[in-house]
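**Q** Could you have a look at this structure, given as structure tokens, before my questions?
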Amino acid sequence: MPGAVAQGLIWGIMAIGVYITYKILDVADLTVDGSFCTGGAVCVMMLMAGFDVGFALFAAFVVGLLTGLATGFFHTFCGISAILAGILTQLGLWSVNLAIMGKANQSINVNNYQLLVSLRYLQEVLKGIRPFYWSPILVVSLFVAAIIALLYWFFGTELGAAIRATGANLNMARAQGINTDFNKVLGLMLSNGIVALSGGLLAQYQGFADINMGRGAIVIGLAAVIIGEVLFARIFRNFALRLLGVAAGAIIYYMVIQAVLWLRLDSNYLKLLSALVVAVFLAVPYWKGKYFSAAFARKGGADRA
């Protein structure tokens, strides 16, 4: 289970990136399936080239910004819908990622590189071989806290408020003289930068970057956002706490997957299981509105009678 928590936290960072486009900017961005892998590929290749792990993660973040810039360019300058723009960037990134790695898979051995997070570290901390501060759960939690703090600050600034206004009401934002195209591009860049950063962390954690590591990332990201909203919306009303709820949603998602795997379900059905988990959480708000609200309304009407 600690492994599921660590992995869930890493995917939680990715889900926070998805939250920016899906909930704040109100844009369906499918770039993340490509930018997540790009972040992992850049991080691994930088480490193999001898760069420091911090610089490798920073490079992954910067390249992620560029993938968001490409999608923003397609969407705002070329007039392509956001979904298609994301698909086009994602398609192009397949070749870019292959070019970065040189082949479909590149691995880094934790014995040969100084990594920030690794599955090996987690196992050694649990066995008492390493001190607790080597735990990937602690390290990634600090990343999550720092990202939430920075985003809370940024979206409270004038520029951040302009991005929120663009997502809330595009026409009203334009009427107020806000450059909505610029804000869309900036939001997409920020989102994909965070997604690529999480890709870099996951590549370190699992010890390799693979051309398919981002496949289905958008589904996991949306699942985390929906789970966080369904379970914590009534508790977490503050913006920072909502981001924390998204990260918690990713942890819950991976714990559910882990629990089912413990039941020795055939791993060939893992994608089907993921789809069902996401579908259930997506349906919960609808079921609550249709059945529970109706039941309360009938009960209230009976009491008044």
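**Q** Per residue, how large is the accessible surface of the stretch 1-133? Use a 1.4 angstrom probe and give square angstrom.
**A** Accessible area per residue, the stretch 1-133: 44 Å².
**Q** Another question, if that's okay. What number, in percent, do you get for the relative contact order of the stretch 1-80 if the mean sequence gap of Cα pairs under 8 Å and at least 6 apart is divided by its residue count?
**A** 22
**Q** As an exercise, use a Förster radius of 51 Å and the Cβ-Cβ distance of Ser95 and Tyr291 to find the FRET efficiency, rounded to the nearest 0.05.
**A** 0.60
**Q** Could you please put Glu229, Glu158 in sequence from largest to smallest accessible area, using a 1.4 Å probe?
**A** From most accessible down to least: Glu158, Glu229.
**Q** How do Lys23, Lys103, Lys271 stack up against each other in accessible area, from largest to smallest, with a 1.4 angstrom probe?
**A** Result, largest first: Lys271, Lys103, Lys23.
**Q** Nearest 500 deg cm²/dmol is fine: what mean residue ellipticity at 222 nm does the chain get from its DSSP H runs of n ≥ 4 alone, each adding -39,500 (n - 2.57), divided by its residue count?
**A** -24000 deg cm²/dmol
**Q** At a 1.4 Å probe radius, carbon and sulfur cover how many percent of the accessible area of the chain?
**A** 66
**Q** Could you provide, to the nearest whole Å², the per residue accessible area of the stretch 135-259 with probe 1.4 Å?
**A** Normalised by residue count, the accessible surface of the stretch 135-259 is 41 Å².
**Q** At q = 0.09, 0.13, 0.15 Å⁻¹, work out log10 I(q)/I(0) for the stretch 125-237 with the Debye formula, treating every Cα as an identical point scatterer and leaving solvent out; two decimals please.
**A** -0.37, -0.73, -0.92
**Q** Right, something else. To the nearest 10 Å², what's Asp26's accessible area with a 1.4 Å probe?
**A** 110
**Q** Give the accessible area for Val280 in Å² (nearest 10); use a 1.4 Å probe, count only protein heavy atoms, and leave out ligands, DNA and RNA.
**A** Surface open to solvent at Val280 totals about 70 Å².
**Q** Helix hunt in the chain: which complete DSSP H runs extend at least 20 Å axially by C-alpha with mean Kyte-Doolittle at least -0.5?
**A** 2-19, 32-48, 53-72, 82-101, 136-154, 180-206, 217-232, 239-262, 270-287
**Q** Relative contact order, percent, of the chain when contacts are C-alpha pairs under 8 Å separated by at least 6 residues?
**A** 35
**Q** OK, next. Which log10 I(q)/I(0) values does the stretch 56-148 give at q = 0.17, 0.23 Å⁻¹ under the Debye formula, counting every alpha carbon as one identical point scatterer?
**A** Each listed q maps to, in turn, -0.92, -1.12.
**Q** Please give the FRET efficiency for Lys103 paired with Phe77, using the beta carbon to beta carbon distance and R0 = 51 Å, rounded to the nearest 0.05.
**A** 0.95
**Q** Same structure, new question: In the full protein assembly as shown, how much of Leu116 is accessible to a 1.4 Å probe, in Å² to the nearest 10?
**A** Here the residue's solvent-accessible area equals roughly 60 Å².
**Q** Before anything else, pin down the relative contact order of the stretch 1-159: Cα pairs under 8 Å, at least 6 apart, normalised by residue count, whole percent.
**A** Relative contact order comes out at 27 percent.
**Q** Shifting gears a bit: With viscosity set to 0.890 mPa s at 25 °C, what whole-number translational diffusion coefficient in µm²/s follows for the chain from Stokes-Einstein and a Kirkwood radius over Cα pairs?
**A** Rounded, D is 122 µm²/s.
**Q** To the nearest Å, what is the center-to-center distance of the stretch 40-112 and the stretch 116-193, using C-alpha atoms only?
**A** 17
The values are calculated or read from the model by the stated rules, or taken from the named source; none is laboratory data. Keep in mind it's a predicted model, so treat the numbers as computed, not measured. Positions of Cβ are backbone-derived with ideal geometry, glycine not excepted, and every protein chain shown enters the neighbour counts. Accessible surface areas use protein heavy atoms only, side chains included; no ligands, DNA or RNA. Shrake-Rupley method; radii C 1.70, N 1.55, O 1.52, S 1.80 Å.
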